[in-house]
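Single-structure report; data block below.
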Amino acid sequence: MNYPQLSVAAIRDGLLARQFSAQELAKVALDTVKSIDPAIHAYLELCPELAHLAAEKLDAALVAGTELPGLAGVPIAYKDNMNLQGTHTTCASKMLENYQSPYTATCVAKTLEAGALPLGKLNMDEFAFGSSSETSYFGPTLNPWDLKRVPGGSSSGSAAAVAAGLATVTLGSDTGGSIRQPAAFCGVVGFKPSYGVVSRYGVVAFGSSLDQVGALGRSVNDVAATIDAISGLDPLDGTSQALKAVYSQTTQLGVKGMRIGVVTAFMEAVDVEADISTAFTGALAHLEALGAEIVEITLPNAKAALSAYYVIGPSEAFSNMSRFDGIRYGYQNEGASCLDELYEQGRANGFGKETRRRIMLGSYLLSSGAYDTYYYPAQQVRTLITQDYHKAFEKVDALLTPTTARTAFEFGEVADPVSMYLSDIFTIPSNIAGNGGMHVPVGLGKESGLPVGVQITGPQLKDENIFRAAAALESCYPSIARLAPVGSTEGSAL
């Protein structure tokens, strides 16, 4: 049996049938990473001791006849902005190159409680500022489908690791599309829950009102099982919600009777590649054939989401980044003669170019005069966009849009920061409004030969609608190759 191809359910069944042990799973998963990852650089750190310790506990539970938890034996890895005690948490930055996690983030701890095997920490854009992995201090992750192309970002390692079979599922964070955009570029399922579904405690903040932890996997069912494990109320995060939804129970319900919204006017305002348009049209036809009703809706203010985001996001980032002063922790430039010089040199040399750009932008936006001119109006636009979504979801159960306007681009191809920011034009509105969203792959583009797919967005805190529609759509594409060429040619057998 080929380990990289195993689903969450197949791993559980294999353990129960004694086809393999958790220790064997841990070993083959780590060996697979060691064999394949040098080609794509998805991982920043492996934690074999933690993986084998988790496997030992799981094997003991099997011997004792204890019921297996939801992610039993599932090899998992985490974006490197999530604390895991026993590992570093670098955020792919020189500033935190030697920072050791003092505790474990709630979302990570819940996967361990659910029986997952932690393989390590994954590469990302520095402090999650980027859409291509090119801002990582440790060097970029490469796209397993084409090593000349970016895997997307900022959860670059999270998407590439799943695409290449280097983890069954991964966790990522999404502030403006940082799960869904790399999922689209790498051809995997990527889900950002509604704001508040998953605790953010222990995750290094970018934009506190926008950040959300989510999951990536090779199937909707795998992602559903992961979200089941990590969601729920956390007293350590005041924004977290107590919800009763079990997402893995909604994936078999089908879409018959569901109303799926299409935002034609918004899509026509964006230059969308032919492969993406074809994928969208095909997905829409499949959903309609399965019994969904297609409804034309409007989001009048969605085109302003990008502008609002790049005011609110940098402003919150500026506030969150102020803690990195090189005194309590973080990079400290040697030879500073005074405190001001320590701050100036440490931040100038410890942060990368894009991080410095966003800090400076946020500093300006929150300054006297600029606040009233930019920040306050951006919050007003945010309210309008949120109201647009509320009105839309009075008419439909979910929305279908492209996830990205184009397929994965080559390294260095998008050098202009504004052009890079446009990579998230379809994903940002749901972060502004707090709605959940999922990228669903539908195959490879005829013209590009690269992964293509669509995005399904749902009402706030009704993410079960997304899983229901996504699983139905996924069933229409049974021949999709779940592993990219890099992983499929060298995957380890179990």
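The values are calculated or read from the model by the stated rules, or taken from the named source; none is laboratory data. These figures come from a predicted structure and were not determined experimentally. Positions of Cβ are generated from backbone atoms using ideal geometry, with glycine treated the same way; all protein chains shown enter the neighbour counts. In case anyone asks, the SASA skips ligands and DNA or RNA and just uses the protein heavy atoms, side chains included. Shrake-Rupley method; radii C 1.70, N 1.55, O 1.52, S 1.80 Å.
Structure notes:
- Candidate aspartates and glutamates - alpha carbon under 20 Å from Lys256, same-chain residues fewer than 8 apart omitted: Glu288, Glu293, Glu296, Glu394, Asp397, Asp463, Glu464, Glu474
- Packing rank of 279-289, 392-402, where each peptide gets the mean count of other beta carbons within 10 Å, highest leading: 392-402, 279-289
- Take the range 248-389 with all the other protein chains still there, run a 1.4 Å probe, and you get 53 Å² of accessible area per residue.
- Spatial separation of Cα centroids for the range 369-434 and the range 1-73, in angstrom: 37
- DSSP-defined beta bridges in the chain - what % are antiparallel, rounded to 5: 70
- Estimated purely from DSSP H runs of n ≥ 4, each contributing -39500 (n - 2.57), the mean residue ellipticity at 222 nm for the chain is -11000 deg cm²/dmol once divided by its residues.
- Residue (of Pro4, Thr141, Ala92) at the positive-pole extreme of the chain, dipole from beta-carbon charges: Pro4
- Structure-derived volume of the Cα convex hull per residue in Å³: which label, when the choices are (1) 179; (2) 136; (3) 146: (2)
- Of all beta bridges that DSSP places with both ends in the range 42-194, some 40 percent have antiparallel geometry.
- Computed over the range 387-492, the range of Cα coordinates on each principal axis works out to 46, 38, 27 Å, biggest value leading.
- Dipole size of the range 358-447 about its Cα centre, with +1 on Lys/Arg Cβ and -1 on Asp/Glu Cβ: approximately 160 debye, rounded to the nearest 20.
- Contact order for the range 234-303, expressed relative to its length and based on alpha carbon pairs under 8 Å spaced 6+ residues apart, stands at 46 percent.
- Relative protection proxy for 48-55, 176-183, 5-12, from highest mean packing down: 176-183, 5-12, 48-55 (other beta-carbon atoms within 10 angstrom).
- Neighbour net charge for Ala224 - beta-carbon separation under 13 angstrom, K R +1, D E -1: -3
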